[in-house]
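> My questions will all concern the structure given below.
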Amino acid sequence: MLKGRAHTPYRLVSGCRRCQSTSAKAVPAGTRQTQPTGNDGNDDEDTGYMLRRLAQLAEESRPFKDDPKAGKPYFPSSTTTPDISFDLAAGAQKHYEYKYQREIAIATKIPQYADASTRAIAQGKPWTGEENMVDTAHRMLQDAHKPLSAAATKSGPTGGLAAPRGHPKVSISSRLATAREKSLDYKLNPSPPRKDGPEPEETSGPTFKELYAERFTGVTSMANNLSAIASLATQRIEDSIARGEFEVLPDRGKATPVDPNLSSPYIDHTEYYLNNILKRQGAMPVWIDRQGSVHARTREFRDEVGRSWLTHAVHVITQAHPGAGDGKARAQLIAQIRAAFKTHAATTGAWKATHAGFHAAAVRDLNSAIRSYNLQAPGAARRGYLDVNQELETGIAAVLPELDAAVDKYLHGTAAAMEAKARAEKDKKLGWHQLQTSELPSLRGILSAGTAGSSAVPPATELPPEKGLMKNLFKNLFKVEDVETLAAKRKHFGR
């Protein structure tokens with residue numbers, strides 16, 4: 001500040017950004033800024049125009065008193081209508097109900113008379129696949145002590161009196177017995193009994209006792225204390241000794257069989273006796289029957305696999321060496337099949353490809369049956385699922401030692417077929433196959449005449465003229481003079 005000059009306040013003049021960025025001019029507060037008249041491109045002209053434009057915009061933005069849109073927002077979406085407010089409130093309510101649906105259900109839907117166990121189940125968390133430690137301990141405590149029966153509980157579920165129960169249905173026989181007793185009572189005492197006062201004398205007379213003696217004898221004669229029971233048992237034993245029933249006892253001198261499970265601390269005595277009762281009655285649990293069914297079906301599948309593979313192997317061997325018979329080539333092929341059994345290189349590859357669908361479906365069915373069995377069986381008796389390749393190896397290994405016998409049976413047949421074949425070859429050597437059917441009746445007639453006449457064989461000259469083959473046949477046939485042998489031969493040819 002210079003000396004001799006009065007202090008003059010200054011103010012900044014707002015202008016465009018270009019003007020403010022380059023320089024800011026200080027103008028005295030008391031002086032009036034002059035506006036240039038010409039358009040010479042100076043900064044004062046730009047600054048003045050900007051001020052005028054801003055003032056014009058401010059004046060245009062100021063609402064008028066008579067403007068209908070005055071006081072209203074420019075964007076209508078910035079306000080909320082009543083419908084939109086209702087939708088927002090409903091959405092918030094739905095979100096709240098969805099978030100706290102479990103708590104709302106517990107507070108509103110559980111009845112007031114529900115017991116603690118029902119409330120605990122309803123308020124418990126959903127099952128996640130793992131049991132909580134608290135639930136495990138609670139379950140162990142409940143399993144350790146069996147709950148009381150329904151007859152032992154005298155109160156209802158809410159702690160009050162139990163609900164009245166209906167009367168059981170009376171059978172027809174009981175109703176008939178009751179009616180008979182009432183009719184008998186009415187015959188003895190036609191007048192109705194008095195509710196007060198002493199009973200009539202007829203009920204205490206000899207007639208009443210005689211009629212009701214059989215009915216009340218059993219009750220009065222029963223032993224009602226330990227001494228009476230002991231005396232009754234002693235009397236029964238003495239009567240048996242008098243009859244001689246103790247003289248011959250089947251188990252005298254033999255040790256009493258003791259089951260070790262009876263003294264086992266891990267088996268409850270009640271369960272032990274119940275199991276023995278079921279065992280003596282021939283009853284068995286359901287999973288035992290299911291176990292036998294699963295074993296039978298598995299055995300049938302393995303047998304079917306073995307038979308199928310054995311047939312396939314025999315066909316492969318006989319087709320590879322059809323004329324080998326008992327030769328060396330067939331034995332070598334069988335040895336190769338046995339050696340390559342584990343790798344399935346000889347015959348199992350094509351066979352598995354042919355029956356793959358059947359094997360997969362059968363094993364899938366067996367695994368389904370095993371799954372149902374495991375759901376019923378205890379943990380120690382459960383079975384694992386079957387594998388297709390393992391079951392095929394098991395079935396083939398069971399029939400592999402029978403491969404030689406199967407090939408021999410296929411080539412030569414059974415023992416009966418082999419015997420018939422040997423008999424046919426023997427008859428062929430004797431020339432019986434050349435006999436004609438028309439010559440057999442004459443042969444039977446000659447044999448009958450020879451046996452019915454004399455014991456000697458008719459001479460060859462008396463034979464009817466036949467072919468040379470027939471003559472040679474009779475010469476070889478009738479070289480014996482035994483009539484019984486001749487009859488046996490006739491019987492043989494007569495069949």
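> Just want the ordering: 423, 302, from fewest to most Cβ atoms lying within 10 Å of their own Cβ.
So the ranking, lowest neighbour count to highest, is 423, 302.
> Under a Cβ-Cβ cut-off of 15 Å, what is the net charge of the residues other than residue 266 that fall near it, where Lys and Arg count +1 and Asp and Glu count -1?
The answer is -4.
> Using r as the Cβ-Cβ distance of residue 424 and residue 99, and R0 as 60 Å, what FRET efficiency do you calculate, to the nearest 0.05?
The computed FRET efficiency comes out at 0.05.
> In whole Hz, what ³J(HN,Hα) sequence does segment 122-137 give by Karplus (6.51, -1.76, 1.60; θ = phi - 60°), x for Gly and Pro?
5, 8, x, 6, x, 6, 9, x, 10, 8, 6, 5, 5, 5, 5, 5
> Starting from the Cα-Cα distance between residue 293 and residue 266, subtract it from 0.36 nm times their residue separation and give me the gain in nm to one decimal.
Value of the extension gain: 6.7 nm.
> Kindly state, to the nearest 0.05, the FRET efficiency for residue 360 paired with residue 87, given R0 = 41 Å and r defined as their beta-carbon distance.
Efficiency, from the Cβ-Cβ distance: 0.10.
> Could you go through segment 402-410 in sequence order and give the Karplus-derived ³J(HN,Hα) for each residue, using 6.51 cos²θ - 1.76 cosθ + 1.60 with θ = phi - 60°, rounded to whole Hz, and x for Gly and Pro?
Each residue's phi maps through the Karplus curve to give 8, 5, 4, 5, 5, 5, 4, 5, 5 Hz.
> Most exposed first by the Cβ proxy, i.e. fewest other Cβ within 10 Å, how do 169, 352 rank?
Working: 169 6, 352 16.
Taking fewest neighbouring Cβ atoms as first place, the list is 169, 352.
> Show me, for segment 365-375, the HN-Hα J-couplings you get by feeding each phi into the Karplus relation (A = 6.51, B = -1.76, C = 1.60, θ = phi - 60°), rounded to Hz, glycine and proline as x.
5, 5, 5, 5, 5, 5, 5, 5, 5, 5, 5
> Taking the Cα centre of segment 240-306 as the origin, how large is its charge dipole in debye, to the nearest 20, when only Lys and Arg (+1) and Asp and Glu (-1) carry charge on their Cβ atoms?
80
Any read-out appearing in this document is the output of simple, stated calculations on the displayed coordinates, not a laboratory observation. Since this is a predicted model, take the numbers as computed values, not measurements. Counting neighbours? That spans all protein chains shown, and the Cβs are built from the backbone with ideal geometry, glycine included.
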